[in-house]
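Undergrad: Below are the structure tokens for one structure; questions will follow.
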Amino acid sequence: MKKIQDTDKKPILLFQPTSVITAIVPLQPQEEKIISERERFITQVERINQMAQELEAAILELKAIDR
């Protein structure tokens, strides 16, 4: 609150509007984000499985050379 003096020397009180109403949105997982995370997970699992198969083939080839 500010006091401002006018020419008659009477104090005038000025009120600044300070109230702002904001709604709080409840946190809920977004469906798109869940699908995206699941797709990333599946892609990573497939990549690891592919690398494991390649590693197995390389090990079998190495064993065949050693014999």
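Undergrad: Tell me, in nm to one decimal, what length is gained between residue 42 and residue 65 on full extension, where the rule is 0.36 nm per residue of separation less the Cα-Cα distance?
TA: Values: separation 23, 0.36 × 23 = 8.28 nm, distance 3.49 nm.
Length gained between residue 42 and residue 65: 4.8 nm.
Undergrad: Could you tally the net charge around residue 38, taking each other residue with its Cβ under 13 Å from the Cβ of residue 38, Lys/Arg +1 and Asp/Glu -1?
TA: Values: positive: 33, 40; negative: 31, 32, 37, 39, 46.
Every neighbour counted, the sum reads -3.
Undergrad: I'd like the accessible area for residue 25: 1.4 Å probe, protein heavy atoms, all chains in place, Å² to the nearest 10.
TA: 110
The values are calculated or read from the model by the stated rules, or taken from the named source; none is laboratory data. Since this is a predicted model, take the numbers as computed values, not measurements. Note: ideal-geometry Cβ built from the backbone for every residue, glycine included; neighbour counts use all protein chains shown. Ligands, DNA and RNA are excluded from the accessible area calculation, which covers all protein heavy atoms including side chains. Shrake-Rupley method; radii C 1.70, N 1.55, O 1.52, S 1.80 Å.
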